[in-house]
Amino acid sequence: MKRILYLLLALALHINGIASTLPVDSLKMVIDTSHICEKSTPLCVDNNASPQPEIIDSSVYKRPAPLTKQNLSVSVYANPGWMAKFDKLYQIGRTNFAIGADISYQSLPVNHDAYAHDYDYPTLSLGIKYGFNHGSTMHRTPAPEWGLAEEVDYITRLGNTASLIGTFSRPLYRHRRFEVDMALSMGVAYSHSKYDKNVAIDNDIVGSRWLIHFGAGMHINYRIASHWGIRAGVDYWHVSNGAMNRPNKGANYVGPVLALQYYLDDDNSWEQLPGGLLNPRYNNHTDFALNPPPHFKPYTYLRFTLGVGCKTMDEEWKQSQFWTPKGDKDYRKEHFRHYVCYSLNADFMVRYARRWASGIGIDMFYGTYADDAHRYNVQAGRKAHTDPFSIAIAGKHEVFYHNFSMPVSLGFYLYRAMGALARDLEKPYYETVGLHYTFPSLAHLRIGINVKAHLFKADYTELALSCPIRL
């Protein structure tokens, strides 16, 4: 009977794409663990018990297990960093030191979450991060590059930032106590200081109090005891205002991170199953075989998205900073005009997996700032043809996790005319990234925030409403 069970399980695991990654001895250990543990342990198999019927059932994914302390952990971390070098003429100090804390939810096989299964059981975290940025300093000395801007008698320091961020960490490799992951984070940040013509005139990094936070990282996690673990790795993080104010160069930091993690559950599963098995918390292979996730059927759909955004002009910032004489009311000013931007996208998408969709689309843009762009080009003696309409073709991709999604795109302009000054800053291509939420009860309408950029320099930030139509 044991041989039959082993063969059936091996076949089921092969169908689900698991058996090919497991050693044969590991499969045998899942079926028969009586030789390595006591009958009192929950993972032990009683060979004398009556055989139970094994029924493959995907419906458990429609009634996921409740949240328990087994899913939760908290951590604190330290994250020294160095600001990326952006201008050697006036950037002086580049150091930063950040601390943070977060609470994490770790999905497990017993939760019967199909999305979590497809991502190999990721970790979702919500936390705060406080950055001590006074080591990041700037000071402009006289140089032709600064035009009419005059030197001041003090050094400008970047203000500290407090961020509220959500993080999605996907494991790349997991073995018993050891795990390697990659993480993406998004959130909002508040800066204690910003550009100020009186006390921080050389701060062209942060032009507003409220900022967008984006981060990425790779980490090694090791569980040192039943309740305790450590995490070490490298993090990158960026804060800026998405071109909703000026200045908006943005701060980019990278540095090592070291965290201490406390798990609310008391997990001794490594002692129960020593040897070559992967971490049994996340790799309950018997559960995979008997309760596989529901099959996902690929489909195609059209997606129409309307966006309404806000931006300030880089041309106005440079005119005020470098080409306005001291004594003029607009000399190195702090307040800039806000412009409304509109976008309309029509995409053909293929949802080929539960967690991914890709496609191609046509993007149209309308910028209400075209007339002012013409004026700034005339003042600078540059080619001044401008048109509020732009059109582009773009490759699209969207990543899904339940009702949340992250759309990204890479587009190439077919027509765009915003003057020579804009061409100095912009590229013939652009990127967009966003975070959206789907309302299934409202015909799957999606609402979210997008940031459009040219080579990672923000053009504008928009509120987007998306309507998918399944074909």
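The values are calculated or read from the model by the stated rules, or taken from the named source; none is laboratory data. Nothing here was measured: the structure is a model prediction, and the numbers come from that model. Cβ sites come from the backbone with ideal geometry, for glycine too, and all protein chains shown count toward neighbours. Side chains included, ligands, DNA and RNA excluded: accessible areas come from the protein's heavy atoms. Shrake-Rupley method; radii C 1.70, N 1.55, O 1.52, S 1.80 Å.
Here are a few things to note about the model shown:
- For the range 301-313, backbone phi angles converted through the Karplus equation (6.51, -1.76, 1.60; θ = phi - 60°) give residue-by-residue couplings of 7, 9, 10, 10, 10, 10, x, 10, x, 9, 8, 10, 9 Hz, Gly and Pro being listed as x.
- Computed from the C-alpha gyration tensor, the three semi-axes of the ellipsoid equivalent to the range 91-148 are 47, 15, 7 Å, from longest to shortest.
- The range 88-107 and the range 391-461: distance between their alpha carbon centers, rounded to Å: 26
- Euclidean distance of C-alpha centroids, the range 206-230 and the range 114-159, integer Å: 16
- Accessible area per residue for the range 301-427 is 48 Å², calculated with a 1.4 Å probe on protein heavy atoms, without ligands, DNA or RNA.
- Carbon plus sulfur fraction of accessible area for the range 415-471, probe 1.4 Å, in percent: 71
- Given R0 = 35 Å, the distance between the Cβ atoms of Tyr437 and Asp196 translates into a calculated FRET efficiency of 0.45.
- Solvent-accessible area per residue for the range 66-209 (1.4 angstrom probe, square angstrom): 45
- Each pair of Cα atoms in the range 180-269 enters the Kirkwood radius, and Stokes-Einstein at 25 °C and 0.890 mPa s then converts it into a translational diffusion coefficient of 160 µm²/s.
- Accessible-area composition of the range 108-218, carbon plus sulfur, in percent [1.4 Å probe]: 63
- Rolling a 1.4 Å probe over the protein heavy atoms of the range 328-402, with every protein chain left in place, gives an accessible area that is 62 percent carbon and sulfur.
- Net length gained if the chain between Lys249 and Phe456 were fully extended (0.36 nm per residue, minus Cα distance): 73.5 nm
- Of the Cα atoms belonging to the range 287-445, the radius of gyration and Dmax stand at 21.2, 78 Å.
- Computed magnitude of the charge dipole of the range 85-207 (debye, nearest 20; Cβ of K, R +1, Cβ of D, E -1): 360
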